[in-house]
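The block underneath contains the structure these notes are about, expressed in structure tokens.
The values are calculated or read from the model by the stated rules, or taken from the named source; none is laboratory data. Owing to the predicted nature of the structure, the values given are computational and were not obtained by experimental measurement. When we count neighbours, we look across all protein chains shown, and the Cβ atoms used for this are built from the backbone with ideal geometry, even at glycine. These accessible areas exclude ligands, DNA and RNA; they are computed on the full protein's heavy atoms, side chains included. Shrake-Rupley method; radii C 1.70, N 1.55, O 1.52, S 1.80 Å.
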Amino acid sequence: MLSSRISRRAVLVGTAAAAAVTVVPALPGVAAAATPSYRWRQVAIGGTGFVTGVLFHPSVRGLAYARTDIGGAYRWDDRSARWTPLNDDLGWDDWNLLGVEAMAVDPAHPNRVYLALGTYAQSWAGNGAVLRSEDRGASWKRADLSVKLGGNEDGRGAGERLLVDPRDSDTLWLGTRHDGLLKSTDRGATWAAVGGFPGVPGSGGQGVTLLVAAGRVLYAGWGDSDGTSANLYRTSDGTTWETVPAQPSGTSAKVPIRAAYDCHTRELYVSYANAPGPNGQSDGSVHKLATASGTWTDVTPVKPGGTTSDGSSDTFGYGGVSVDARRPGTVVVSTNNRWAAVDTLYRSTNGGRTWTSLKDSAVLDVSETPFLTFGADAPKFGWWIQALAVDPYDSKHIVYGTGATLYGTRDLKHWAPQIRGLEETSVRQLISPPTGEAHLLSGLGDVGVMYHERLTASPSRGMASNPVFGSATGLAQAAAKPSYVVRTGFGDHGNGAYSNDGGKSWAPFAAQPALAKDAPGPIATNSDGSVLLWTFVHWDGTKYPAQRSTDNGATWAEVAGYPKGATPLADPADPKRFYAYDTDTGTLFASTDGGLTFTGRANGLPSGDSQFQLAAAPGRSGDLWLSTKWNGLYRSTDGGGTFTKLTSCWASYTLAFGKAADGADYPAVYQVGSTETITAVYRSDDGAKSWVRVNDDQHQWGWIGATIAADPRLYGRVYIATNGRGIQYGEPV
């Protein structure tokens, strides 16, 4: 769990600490210097996360916006065929605002765009905010809310929950999960609760699931219905809300997911499911309302609950719905959570009387982002399809989101990722090898490990296979034998693998401990690759002893004296040395027999710190650095026997070493940390005596505390792991 605010805390050092930790007084001039000139770019992978909404502007050809659950919003430019990120300026303290709950555009003012931000609605998360822009997201004004939003919670693919009133561009409406309906009459600058709105928030945490205008009438979907009570309301005067008469009910219409209005036929299409999604849906339907007569018609393409050819139950809900602005009666809907038969898009040209499955004739080309095969022979058409949009200026241009990408077509048959510029990966591990073709290896959430032979194109090998992992949990390289790399993670056919060619190809460990299936943790290999140490941490936080292998993963044995759950670190110069930091007791453990046994060395180090990293300076034996969230930075030059506290920063979250500056005798040190009041990315060329900030206020990416890496071959280049904006890298210009 992340804290939404970082505050400086005093460091308390007890009697035991005095024997192991020395505090170095602050030196003159150690405050962060002026930001050097850096160029920041994103490593190309292509999506990899859940795109929760796509919105074409109805008045501007080729302009669209996309929202994600943890990585902010983007603007599409058809001429360049790229997405531009719009929220990279959100900093560490505002990490909770990178989940986009909803977005809206103003048809009458093409440059205006609005975002409702807030990742989690839990008590520990900060409140939401609304951003408003007059220049298509190039700059923003912000209104902080007194309520919480849930851009990464169940129901995040529903919506949109934000709407510009078609009768008055100064009036906006925002549906919340727990606080009913909000209204602004000054273009999003201030907000107030709407009195008399009939929805009563429940424990489901959905509240208002959608807002849509049908002419001058506004409709609101309600997600906390029990399936028999009303879940669709409307207002014709902007003041009084009423239940929509004769609306669908029952399990298949329990939660209204999305809605779209055909202004030509004056019909409102609504997709429904029995759960908010994206997971957990097993029933659903599509209905349309003739707004003039009030008549409802069930136009569901296929009823969930049948049987597939292999005998599996064909359960699913309905998700996205979009009408063709150029062709009356033409509508596209998506299934969602249809794992047995695989999700599809259905298209109708006659108001829903008959439907065609676009998946059945689809030709998918994922050559631009090969990871989308996920180790299979061919990619799936989609899953988690709730974002769906038909281009109002091109009837054959349809875009839909999945749990990993955006697919687009221009002819209703050929589909390819329409994802350039949109990077949503949650990054866990980074390595920048000292030799070889690739300057970067990455361990990622959901999409395993990748070998980046180029930073400007998605890895040609896609995800590392043999075995294929979901989320990576460990990635390590032998310092003196960089061709040898090991990785761990969650996989269906093994949880550990090794490579003898620097990460290009992989082979699974011949055996693995039983714990590896449900609790695969970090792994380390010593400098010559002859010893592996693998630790195990269950998703519920339970920690287990480490296990050791000296035969490349063929056999494993438990390590005596190793602190349970601690991340192992290999000495970069001495193959017999390993280290582990036990945050529970504030003790550094070390091994001098190749990881066979561990003994405690320095104690009195910060204990209970929720975030820390133990790192070793390259090419030096026993030169250890400990970065801690609340207590700053410590260094040992005797293999962890004693540590010195460095006072050039008061918080340090993650640390890396790169090529030394010209004339320097020590590697450049990089950190995500705090030297004064701001948490940022810093570089030191003098062994952490002083720091310069290398990112800037436009390149912050929210929470970036997982890991960083620095290039040992290129001075100044640093790679930043983000939680939803992929891998960012910067270098001096």
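Among the residues of the range 267-297, count how many are in a loop (DSSP other than H, G, I, E, B), touching a Ser or Thr at 6+ places or on another chain (Cβ under 6 Å) and either among the aliphatic types (A, V, I, L, M) or over 15 Å from residue 158 (Cβ atoms) (or both).
Residues meeting the conditions: 2.
Which of (1) of a type outside the set (A, V, I, L, M); (2) in contact (Cβ under 8 Å) with a residue 40 or more places away in the chain; (3) at positive phi is the odd one out, the single condition residue 109 does not satisfy?
Of the numbered conditions (1) of a type outside the set (A, V, I, L, M); (2) in contact (Cβ under 8 Å) with a residue 40 or more places away in the chain; (3) at positive phi, the odd one out for residue 109 is (3).
How many residues does the range 33-69 contain that are in a loop (DSSP other than H, G, I, E, B) and either in contact with a Ser or Thr (Cβ under 6 Å, 6 or more places away or on another chain) or not hydrophobic (A, V, I, L, M, F, W, C) (or both)?
The total comes to 14.
Within the range 49-86, restricting attention to residues that are among the β-branched types (Val, Ile, Thr) and closer than 21 Å to residue 383 by Cβ, which residue is most open to solvent (accessible area, probe 1.4 Å)?
Here the residue is 70.
So is residue 137 in a loop (DSSP other than H, G, I, E, B), over 30 Å from residue 410 (Cα atoms), in contact (Cβ under 8 Å) with a residue 60 or more places away in the chain and not basic (Lys, Arg) or not? Please lay out each step first, then the result.
Values: in a loop (DSSP other than H, G, I, E, B): yes; over 30 Å from residue 410 (Cα atoms): no; in contact (Cβ under 8 Å) with a residue 60 or more places away in the chain: yes; not basic (Lys, Arg): yes.
No; evaluated as a whole, the condition is false for this residue.
Of (1) of a type in the set (A, V, I, L, M, F, W, C); (2) more than 34 Å from the chain's Cα centre (by Cα); (3) assigned to a strand (DSSP E or B), residue 246 satisfies all except one. Which?
With (1) of a type in the set (A, V, I, L, M, F, W, C); (2) more than 34 Å from the chain's Cα centre (by Cα); (3) assigned to a strand (DSSP E or B) applied to residue 246, the lone miss is (3).
Of the conditions (1) open to solvent by 20 Å² or more (accessible area, probe 1.4 Å); (2) part of a loop (DSSP other than H, G, I, E, B), residue 503 fails just one. Which one is it?
The one condition residue 503 does not meet is (1).
Just one of 683, 620 is in a strand (DSSP E or B) and either at pLDDT below 95 or basic (Lys, Arg) (or both); which is it?
Of the residues listed, the single one that is in a strand (DSSP E or B) and either at pLDDT below 95 or basic (Lys, Arg) (or both) is 683.
Could you please give the count of residues in the range 506-542 that are part of a strand (DSSP E or B), farther than 16 Å from residue 449 by Cα and β-branched (Val, Ile, Thr)?
So in the range 506-542, the residues part of a strand (DSSP E or B) come out as 507-508, 520-525, 532-537.
Keeping just the survivors that are farther than 16 Å from residue 449 by Cα gives 525, 532-537.
The next check asks that each one be β-branched (Val, Ile, Thr); those that pass are 525, 535, 537.
The total comes to 3.
Tally the residues that are under 26 Å from the mean Cα position of the chain (by Cα), within 30 Å of residue 620 (Cβ to Cβ) and open to solvent by 10 Å² or more (accessible area, probe 1.4 Å), restricting the search to the range 524-551.
2
Out of the range 693-725, which residues are polar (S, T, N, Q) and surrounded by 21 or more Cβ atoms within 10 Å (Cβ to Cβ)? Before the answer, list the steps.
Here is the first cut: in the range 693-725, the ones polar (S, T, N, Q) are 695, 698, 700, 707, 722-723.
If the condition is that a residue be polar (S, T, N, Q) and surrounded by 21 or more Cβ atoms within 10 Å (Cβ to Cβ), then 695, 700, 707, 722, 723 are the ones that fit.
Would you pick out the residues in the range 416-434 that are in a strand (DSSP E or B) and either of a type in the set (Lys, Arg) or touching a Cys at 6+ places or on another chain (Cβ under 6 Å) (or both)?
428 - this is the single residue of the range 416-434 that is in a strand (DSSP E or B) and either of a type in the set (Lys, Arg) or touching a Cys at 6+ places or on another chain (Cβ under 6 Å) (or both).
Give the number of residues within the range 145-175 that are more than 22 Å from residue 261 (Cα to Cα) and among the hydroxyl-bearing types (Ser, Thr, Tyr).
1
In the range 553-563, how many residues are at pLDDT 95 or above and either within 26 Å of residue 608 (Cβ to Cβ) or open to solvent by 50 Å² or more (accessible area, probe 1.4 Å) (or both)?
The number of residues fulfilling the criteria is 6.
Quick check on the range 218-239. Is at least one of its residues part of a loop (DSSP other than H, G, I, E, B), closer than 27 Å to residue 126 by Cβ and either modelled with pLDDT of 95 or more or in contact with a Pro (Cβ under 7 Å, 6 or more places away or on another chain) (or both)?
yes
Just checking, does the range 84-105 include any residue being among the hydroxyl-bearing types (Ser, Thr, Tyr), over 20 Å from the mean Cα position of the chain (by Cα) and either on the phi < 0 side of the Ramachandran plot or not in a loop (DSSP other than H, G, I, E, B) (or both)?
No, the conditions are met nowhere in the range 84-105.
So residue 80 ticks every box in (1) at pLDDT 95 or above; (2) assigned to a loop (DSSP other than H, G, I, E, B) but one. Which box is left unticked?
Checking residue 80 against (1) at pLDDT 95 or above; (2) assigned to a loop (DSSP other than H, G, I, E, B), the one that fails is (1).
Just one of 34, 16 is modelled with pLDDT under 60 and either surrounded by fewer than 21 Cβ atoms within 10 Å (Cβ to Cβ) or among the aromatic types (Phe, Trp, Tyr) (or both); which is it?
The match here is 16.
Going residue by residue through the range 481-493, is there one that turns out to be part of a loop (DSSP other than H, G, I, E, B), closer than 19 Å to residue 428 by Cβ, modelled with pLDDT of 95 or more and not β-branched (Val, Ile, Thr)?
no
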